[in-house]
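Notes follow once the structure below has been shown.
The values are calculated or read from the model by the stated rules, or taken from the named source; none is laboratory data. Quick caveat, the model's predicted, so the values are computed rather than measured. Cβ placement follows ideal geometry from the backbone for every residue including glycine, while neighbour counts extend to all protein chains displayed.
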Amino acid sequence: MSMFRRRARAENEPPDPAAADPDAGPAAETPPGKTPRPNGPFDESELGPEEARAGRLDLGGLLLRTGADMKVQLQVDEKSGKPTSALVVMGDAAVQLIPVAAPRSSGLWEQTRLQIATDARRRGGTVEEADGPFGTEMRIVLPVTTADGKKAVQPSRITGIDGPRWMLRATFLGGATTRPDAFARLVQVVRDTVVVRGHAPMAPGDLIPLRTPQREEPDQPVD
């Protein structure tokens with residue numbers, strides 16, 4: 001059964017906002033069924049409103065389709081109280097999804113990779129770029145301290161998918177970094193995700209607003 005919960009923001013942060021997008025304004029919609037990402041994730045305009053929402057949990061900026069054994073946790077900034085990302089959890093495996101605004105004229109993932117690498121090395125971690133299911137991904141290993149005070153490491157696989165005036169950042173954690181079956185299932189969650197960017201002007205790197213579901217789905221109870 002899929003469960004919706006709220007929790008504090010995870011360690012992986014979205015990129016800092018840059019200057020305002022000079023191309024801000026309504027984006028040209030892609031005809032339904034036409035997309036440069038034929039296997040997803042999708043923009044709402046590429047599917048149409050009805051198809052985009054069918055069988056998906058509506059979190060505002062993200063529409064998620066998950067499995068019966070998965071939970072969805074909304075991660076919230078402690079200072080502002082606003083949702084910053086969605087975490088899809090399957091046992092000991094998870095993927096964190098962060099939708100951000102991007103320029104109309106270019107993608108954001110290349111710039112974001114540089115920021116991720118710089119931050120990881122500053123924290124004493126290791127960084128490796130590799131090919132993944134969505135293109136170039138970052139494989140990060142960070143030193144961490146466990147709840148009982150022991151030293152450990154936290155591996156993650158981070159990728160960014162550029163869409164029309166948005167980027168979806170997906171960070172695979174836990175068992176998703178060690179078990180191919182868990183990774184494959186969460187990759188499919190990312191592929192099935194729909195981003196709802198909206199037409200409001202936003203600076204590149206701004207978080208696309210998320211919210212708790214307005215009503216409970218039959219197979220996705222809200223906690």
Of the criteria (1) modelled with pLDDT under 95; (2) within 23 Å of Thr171 (Cα to Cα); (3) of a type in the set (Val, Ile, Thr), which one Val88 fails: (1)
Residue within the stretch 113-127 that is surrounded by fewer than 21 Cβ atoms within 10 Å (Cβ to Cβ), free of Cβ contacts under 8 Å to residues at least 12 places away in the same chain and among the β-branched types (Val, Ile, Thr) present: yes
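Filtering the stretch 128-158 down to residues that are hydroxyl-bearing (Ser, Thr, Tyr) and surrounded by 11 or more Cβ atoms within 10 Å (Cβ to Cβ), which residue is farthest from Asn39 (Cα to Cα)?
Filtering the stretch 128-158 for residues that are hydroxyl-bearing (Ser, Thr, Tyr) and surrounded by 11 or more Cβ atoms within 10 Å (Cβ to Cβ), the one farthest from Asn39 (Cα to Cα) comes out as Ser156.
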Residue within the stretch 181-189 that is over 13 Å from the mean Cα position of the chain (by Cα), modelled with pLDDT under 90 and of a type in the set (Lys, Arg) present: no
Condition broken by Leu114, with the remaining ones in (1) assigned to a helix (DSSP H, G or I); (2) modelled with pLDDT of 95 or more satisfied: (2)
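Test Leu142 against the criterion of being in a strand (DSSP E or B), hydrophobic (A, V, I, L, M, F, W, C), over 20 Å from Ala184 (Cα atoms) and under 20 Å from the mean Cα position of the chain (by Cα), and give yes or no.
In short, yes.
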Subset of the stretch 184-209 that is among the charged types (D, E, K, R) and assigned to a loop (DSSP other than H, G, I, E, B) - its residue that is farthest from Gln111 (Cα to Cα): Arg197
Output for the stretch 117-153, where each listed residue is at pLDDT 95 or above and under 19 Å from Asp92 (Cα atoms): Arg139, Ile140, Val141, Leu142
Unmet criterion (only one of (1) exposed (fewer than 13 other Cβ atoms within 10 Å of the Cβ); (2) in a loop (DSSP other than H, G, I, E, B)) for Thr212: (1)
Unique match (being in a strand (DSSP E or B) and either over 28 Å from Val196 (Cβ atoms) or not charged (D, E, K, R) (or both)) among Pro103, Pro99: Pro99
Residue in the stretch 178-200 that is in contact with an Asp or Glu (Cβ under 8 Å, 6 or more places away or on another chain), surrounded by fewer than 19 Cβ atoms within 10 Å (Cβ to Cβ) and not polar (S, T, N, Q) present: no
Residue among Pro32, Pro26, Pro36 that is touching a His at 6+ places or on another chain (Cβ under 6 Å) and modelled with pLDDT under 90: Pro26
Output for the stretch 154-176, where each listed residue is among the charged types (D, E, K, R) and without any contact (Cβ under 8 Å) to a residue 60 or more places away in the chain: Arg157
Criterion violated by Pro164 - all others in (1) touching a helix residue (DSSP H, G or I) at 6+ places or on another chain (Cβ under 8 Å); (2) at pLDDT 95 or above; (3) not hydroxyl-bearing (Ser, Thr, Tyr) satisfied: (2)
Qualifying positions in the stretch 64-93 - out of contact with any Leu (no Cβ under 8 Å at 6 or more places or on another chain) and among the hydroxyl-bearing types (Ser, Thr, Tyr): Ser80
